[in-house]
Structures are given as C-alpha cells and as structure tokens.
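Taking it in order: structure first as structure tokens, then the write-up.
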Amino acid sequence: MNTVDRIKEMLETLKIFSETSNGVTRLPFTKEAELAVSYLKQKMEEAGLEVFVDASGAVHGIRRGISPRKIIIGSHYDSVKNGGAYDGIAGVVCAIEIARILKYETLFYTLEIIGFNDEEGVRFGTGFFSSKAFLGEWDIEKLKSQYDDKNISIYDAMKNWGLVPEQLINIVWQISKIRCFMEIHVEQGPVLEKEGVDLGIVNGIVGMRRYSIKIFGRADHAGTTPMNMRRDAMVAAAKVIEHIEMAAQKYLGSVATVGSCIVSPDTVNTVPERVEFSLDIRSINDDDLYAMEQDILIYLECVAQERNLTYEIQTKLEVEPAQMDKRLRAYLRDSILRLGYSSVSLNSGAGHDALPISRKVPTAMLFVPSKNGRIHCPEEYSKPENLAKAVQVVINTLKKINNEEDINNELS
Ligand code: GLV
Ligand code: MN
Ligand code: MN
C-alpha cells in the first residue's frame, strides 16, 4: 500500500466512528470519540510510536530523537454535528503517515504526533480544549461552569469518560522543550481549488470570540396580552441577531454568526420568556474584533433597556488573531517548490489548534484544497493525492529543521 491508499483507508475507517449516519458526528468524551482514539492509538503503534492518551483526551505518539526537544505535528479528531470525514482528522491521519514514513530514520528532534480533543467546541460552546490544556488555560472552576445541552459540565463529561480533570495541570507544555508545531488541515474554503493549486501556506489565523447570550423577558398569554404590554425575549433576540449581521458587515473581513438558539418555553401560544443563543465573532484584525464586540454589546444593552428585559453573557472563548512563523513558512514554501508542487499563501478564517499554540510556540499550517469549498457538512472532501503531497512537504520541512540544528551545532 502507498501513502495515498493508507490515507484513504484510515479516513474511511475513522468516518465510521460517528453518532450519525448523515455525516460525521464525533463529539468529545463520547463512545465515538473513544473508538476513534483506540483506532488512532493502534495506527500510531504501527508507525513505531510510543503511545498514550493524556488527561485532556488527546492521543499522543512519540518517536525519540537525539534531542528531547520536540517537533509536534497534529490536528483534532473531534467533529461538528453532521460534519464531514476530513475536518481535523485528515491532519491527524497525515501526521501518522509522516511518522510511519520516518519510522527507521534517525531524527535529531523528538517527533510527537497529537490527535487533539475538542477543537471544535461544539458540545460545550467553547473550543481548543486540548491545546488550551497544553497552554495551562483551564482550571477546575472553568471546567465546572461550562455545560452541554444536557446540562453536563466539561468536568463531569471528563470524569464519565474515565479522565481525571485535576490531572490537566500535569500536561502543561514546557515551552522551551518544543522547537515548533505544524498542522496539516483541509482548507475549508474555495480559494485553493479556484486557484488550481496543490496546497496553501497559512499566513495568519483569525482571532475568535464566542459567547452564550441569554435574554430574559416574561411568559404571557399569546392571545390576551396586548402588544404594548409584552416583554418578549424572542423579539429582542431577533433584533439583536439582525444587528449582529450588520455589525460584522461594517468591518471588512470580519464575520459574526449566531448558530444556535434555544427558546423557552417554546410554545405556540406563550410569549417567549427566555432566549439563549450563541455568538461567534472572528476577524484577522484584533481592533476590529474588539470594535465589533462593543458594537453588539451596546446594542444588546439598548434593546434590553427599551423593552424592560434583562440579559446575561457568558464568554466561552477568546483568542487573538495570530501570524504563523515566518521561517517555517519559508521552509514550507521551499519544500513545495523543490517537490514541484504549486501553492498560494492565504489567511485562515477558521479556527485551528495552531491558533492558540502559535502565541507560545513557532507554528506553521499547511492547507489542502477542499472540494467546492464545502466543510462542516457531509459533502466535505479533499483528494487523498493532495493530502499525500502535504505529507511529503512536511517530511521535507522536518528534514530542513533537523539539518538547521546540525548547522547551528557546527557553527557553535
Ligand atoms: C472550527 O472549525 C472553527 O473554525 O469553528
Ligand atoms: Mn471545524
Ligand atoms: Mn478543523
């Protein structure tokens, strides 16, 4: 079997570990996640790696090099609801293939492959669970205060899955022990396909903020309560949601999405008492992100005052925009050229584990074209041939980084 066939086989198998048959649903701390982890462990072992699952539920495979300092390659194994078979998991599969190809090579740096857990943040409205754990950004109180739609906290979900949340402090990275992080990911947009190129080198990744917003009004009879005497949480939410779209349009390249909304009591003949909705805002420019956030919050306050309503906001995620490492980007570009592949550079509007990690560790990302730019849906598809090209490019880049260290040693 060659690289293309192995990538295909792993992706075909992994897509079975899904709660739904209409697209892949692999939420964190579930049976499907457990099955995926167990398969990834097996594949990592076959690639000659020392394997373990950490306190965040991330799966690791290690190949010791001459130096204990690590080059880490990985992506996430969780998915959105009814998503596809490529987002995240394609990068984990490519990383395993990289380790397999290098199985018998002497490496200067230690190579660590990671399948990250809960990058999407779908279950708890958060995001970047494992990567934030590596950066020491979770505490027990936060884990106990974020809930899924069944009112299970992250803390309890971890325990039910056999993890010990208190052990998260033991997996915080020692930054000086890491040379760099690289992530292969499908583009999740139409640019690379439109440009007709094999691969994309990521320049920067958008900053992201996520909130849960609850608006509280009063439940009243839909037939007997005059329009001017209502405190309707739904109408207020609708006004705010419309304003959110307008606010995002003011800042070029910024986006804002309300993707989830729960109304209660959710009854045809009762004025809505409470509406809870998610808000996800993104921009490559931190000032725009802040301005957009303020614009939305001020409008929310005005609507609440005008209509005699109250509200609550919980911040679920806050990550600043990030630039990828310049030297690593140059190495990737050089490897692509030498292999005779084509590429363009682009920013990522999607979040990735590379986003929080890049604030502490030199980080690079390589994108593979997505068919029709479709993502977060069952139609997601990227050619295994292009994923195999990404594998080759990262292998050559790893070699460059290892040689760079030899050169540095010779000079010192
Ligand atoms: C992950 O796909 C995100 O950008 O939300
Ligand atoms: Mn995604
Ligand atoms: Mn992803």
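Please tell me if Ala248 is at pLDDT 95 or above, open to solvent by less than 60 Å² (accessible area, probe 1.4 Å), out of contact with any helix residue (DSSP H, G or I) (no Cβ under 9 Å at 6 or more places or on another chain) and of a type in the set (Gly, Ala, Ser).
no
If I filter the stretch 92-150 down to residues being away from ligand 1 (no atom under 16 Å from the Cβ) and of a type in the set (Ser, Thr, Tyr), which single residue comes out as surrounded by the fewest Cβ atoms within 10 Å (Cβ to Cβ)?
Filtering first and then ranking leaves Tyr104.
Given (1) over 29 Å from Arg100 (Cα atoms); (2) touching a residue at least 60 places away in the same chain (Cβ under 8 Å), identify the lone condition not met by Ser130.
With respect to (1) over 29 Å from Arg100 (Cα atoms); (2) touching a residue at least 60 places away in the same chain (Cβ under 8 Å), Ser130 is out only on (1).
Mind checking which helices (runs of 4 or more DSSP H) fall wholly inside the stretch 308-412 and carry at least 1 residues that are in contact with an Asp or Glu (Cβ under 7 Å, 6 or more places away or on another chain)? If you could, list the steps in order and put the result at the bottom.
Details: elements: 326-338, 354-357, 384-411.
Those helices (runs of 4 or more DSSP H) span 354-357, 384-411.
Restricting attention to the stretch 362-379, does a residue exist that is over 29 Å from Asp286 (Cα atoms) and polar (S, T, N, Q)?
yes
Restricting to the stretch 60-80, name every residue that is more than 16 Å from ligand 3 (Cβ to nearest atom) and either assigned to a strand (DSSP E or B) or free of Cβ contacts under 8 Å to residues at least 12 places away in the same chain (or both).
His60, Gly61, Ile62, Arg63, Ser67, Pro68, Arg69, Lys70, Ile71, Ile72, listed by residue number.
Please determine, by comparing only the residues of the stretch 55-86 that are charged (D, E, K, R) and open to solvent by 10 Å² or more (accessible area, probe 1.4 Å), which one is nearest to ligand 2 (Cβ to nearest atom).
Lys81
I'm trying to understand the selection: among the residues of the stretch 100-126, which are in contact with a Gly (Cβ under 6 Å, 6 or more places away or on another chain), away from ligand 2 (no atom under 15 Å from the Cβ) and not polar (S, T, N, Q)?
Those that are in contact with a Gly (Cβ under 6 Å, 6 or more places away or on another chain), away from ligand 2 (no atom under 15 Å from the Cβ) and not polar (S, T, N, Q): Lys103, Leu107, Phe108, Tyr109, Ile113, Ile114.
May I ask you to verify whether Glu187 is open to solvent by less than 60 Å² (accessible area, probe 1.4 Å) and acidic (Asp, Glu)?
yes
List the helices (runs of 4 or more DSSP H) that sit entirely inside the stretch 91-207 and contain at least 1 residues that are within 21 Å of the chain's Cα centre (by Cα) and over 22 Å from Gly349 (Cβ atoms).
Ranges flagged: 129-134, 140-145, 154-160.
For the structure I just gave you, tell me whether Pro378 is more than 16 Å from ligand 1 (Cβ to nearest atom), modelled with pLDDT of 95 or more, closer than 30 Å to Leu27 by Cα and out of contact with any Pro (no Cβ under 6 Å at 6 or more places or on another chain).
no
This table checks each residue for (1) more than 16 Å from ligand 3 (Cβ to nearest atom); (2) of a type in the set (Lys, Arg); (3) open to solvent by less than 40 Å² (accessible area, probe 1.4 Å).
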{"residue": "Glu293", "(1), (2), (3)": "yes, no, yes"}
{"residue": "Arg307", "(1), (2), (3)": "yes, yes, no"}
{"residue": "Glu312", "(1), (2), (3)": "yes, no, no"}
{"residue": "Pro321", "(1), (2), (3)": "yes, no, yes"}
{"residue": "Lys326", "(1), (2), (3)": "yes, yes, no"}
{"residue": "Tyr341", "(1), (2), (3)": "yes, no, no"}
{"residue": "Ala354", "(1), (2), (3)": "no, no, yes"}
{"residue": "Ile357", "(1), (2), (3)": "no, no, yes"}
{"residue": "Val368", "(1), (2), (3)": "no, no, yes"}
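Could you say which residue among Val303, Val271 is crowded, with 20+ Cβ neighbours inside 10 Å, over 23 Å from Phe128 (Cβ atoms) and not acidic (Asp, Glu)? Even if it seems obvious, please write down each step before you answer.
On the way: Val303 fails: crowded, with 20+ Cβ neighbours inside 10 Å.
One residue alone meets the criteria, Val271.
Which condition number does Tyr341 fail, the rest of (1) over 21 Å from Ile241 (Cα atoms); (2) touching a Phe, Trp or Tyr at 6+ places or on another chain (Cβ under 9 Å); (3) among the aromatic types (Phe, Trp, Tyr) being met?
Every condition holds for Tyr341 apart from (2).
Table: residues versus (1) in contact (Cβ under 8 Å) with a residue 24 or more places away in the chain; (2) in contact with a His (Cβ under 8 Å, 6 or more places away or on another chain).
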position	(1), (2)
Met10	yes, no
Leu35	no, no
Asp54	yes, yes
Val92	yes, yes
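Going through Leu398, Leu387, Leu337 one at a time, which residue ends up being among the aliphatic types (A, V, I, L, M), over 17 Å from Asp87 (Cβ atoms) and touching a residue at least 24 places away in the same chain (Cβ under 8 Å)?
When all the criteria are applied, what remains is Leu398.
The values are calculated or read from the model by the stated rules, or taken from the named source; none is laboratory data. No experiment lies behind these values; they were computed from the predicted model shown. Backbone-built Cβ (ideal geometry, glycine too); neighbour counts: all protein chains shown. All accessible areas refer to the heavy atoms of the entire protein, side chains included, with ligands and DNA or RNA removed. Shrake-Rupley method; radii C 1.70, N 1.55, O 1.52, S 1.80 Å.
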